[in-house]
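Below is one structure; the comments refer to it alone.
Every read-out reported here was derived from the displayed coordinates using simple, explicitly stated rules and does not represent laboratory data. Please read these numbers as outputs of a predicted model, since none were measured by experiment. Quick reminder, even Gly has a Cβ in these numbers, built from the backbone with ideal geometry, and neighbours come from all protein chains shown.
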Protein chains: 2
Amino acid sequence: MDHLRDPKAIYEMSFKIIEKETALDQYPPSLRPVVVRMIHACGMVDLTNDIAFRGDVMKAGQAALAAGKPILCDCEMVRSGITKRFLPDVELAQCYLNDERTPALAKELGTTRSAAQVELWGDAAEGAIIVIGNAPTTLFKVIEMVEAGHMQPAAIIATPVGFVGAAESKDALTQSRVSVPYITVTGRRGGSAMASAAMNAIALGGQQL
Amino acid sequence: MDHLRDPKAIYEMSFKIIEKETALDQYPPSLRPVVVRMIHACGMVDLTNDIAFRGDVMKAGQAALAAGKPILCDCEMVRSGITKRFLPDVELAQCYLNDERTPALAKELGTTRSAAQVELWGDAAEGAIIVIGNAPTTLFKVIEMVEAGHMQPAAIIATPVGFVGAAESKDALTQSRVSVPYITVTGRRGGSAMASAAMNAIALGGQQL
């Protein structure tokens, strides 16, 4: 069957189509590669209807990576979707969901493992990049911690997905007093691929590949 | 912030909302849990506009798992999204994308690593479940191999995503002479989360959790 087989050509044509079909000039230049990669990950150019942001996640995220700060992922799919060769150190991408301490902590706190893991980040969250692609409860917890002054991450990528809490958690972010730079997709849409894609764009620093 | 924290309650409410907003009776009973989980993974009830299938992936997939056949994933995100405790054996979920032989093979064949890995499946693909959440080139390759009689998997979950080849590869599947049971999402939409979710539904065999 006739189709493109060259990975570089496939990427280039994908990005060209997205640029043609999307009004990217509504975003600051530094955010455009992030938006392009998020759209690339889901195949939906109308994602722009729902993308919301504060500050410059590209600049903040790049500075965090340069300082060797970790990338704290809410689930293994997000961590898996981060292209390790784009990172200064593969060990920076971390996920505490399956940490052996998480189930007991979740039970103790009466919450999900996704939310409980945030308690395990401790000092690692200071200046870190937080990437949430799945769980609204993780995002709610992060907003609470930041608003209470218990956590000061460098940037937040927040695309939890689904029918219960996803839209609400992202509305809570956009309406919060959180001054941390973030990018999000309001409503029910989201997912790990989108979150990893945004992170990959930041790690690439605006380079296409 | 007030929100649901009990994971079981979150799942139940999510599935209730999906059932309320979706005309599930357009699907055979065995496929409904698969469709529900695919929608759950992406937050979009209008996914039903694009879902296409042939045969009974639930029945075929369950038989494959019972026979200890592998689940061959096109990328690590798909493998990561498969809930290992739902499987009879965690080792069944496999991905050859990062196999050490794949890059040289891709170069030799003039294709992507995603497509080249299919050559490495060999006998493992006989009676296996193939789960493609990312790469159109993997799906094109699988269709070619099956049509040529070089491969006889038990079931195909095919939700490659994006702007170059995704829609075309899924159209090739629905228009093919492939008699293998499959479920797919036509058009640009798709992704690893959707693919893993369909696989998880099969592994659960229609149980909600």
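Before moving on, here are some points about what is shown:
- Restricting region B:19-30 to residues that are within 14 Å of chain A (Cβ to nearest Cβ) and not in a loop (DSSP other than H, G, I, E, B) leaves a set whose member that is nearest to B:Leu47 (Cα to Cα) is B:Glu21.
- Residue match in region B:7-18 (condition: among the hydroxyl-bearing types (Ser, Thr, Tyr), more than 10 Å from every other protein chain (Cβ to nearest Cβ) and in a helix (DSSP H, G or I)): no
- Pairs where the first residue, in region A:147-168, is on the phi > 0 side of the Ramachandran plot and the second is buried (at least 23 other Cβ atoms within 10 Å of the Cβ) and not in a loop (DSSP other than H, G, I, E, B), C-beta under 6 Å, 6+ apart: A:Gly165/A:Pro136
- Options B:Ala52, B:Ala104, B:Ala60; residue that is touching a strand residue (DSSP E or B) at 6+ places or on another chain (Cβ under 7 Å), in a helix (DSSP H, G or I), of a type in the set (Gly, Ala, Ser) and more than 11 Å from every other protein chain (Cβ to nearest Cβ): B:Ala60
- Test for B:Ile10: is it surrounded by fewer than 20 Cβ atoms within 10 Å (Cβ to Cβ) and over 21 Å from B:Tyr182 (Cα atoms): no
- The set of residues in region A:17-31 being surrounded by fewer than 19 Cβ atoms within 10 Å (Cβ to Cβ) and either closer than 26 Å to B:Ile143 by Cβ or touching a residue at least 40 places away in the same chain (Cβ under 8 Å) (or both) consists of A:Ile17, A:Ser30.
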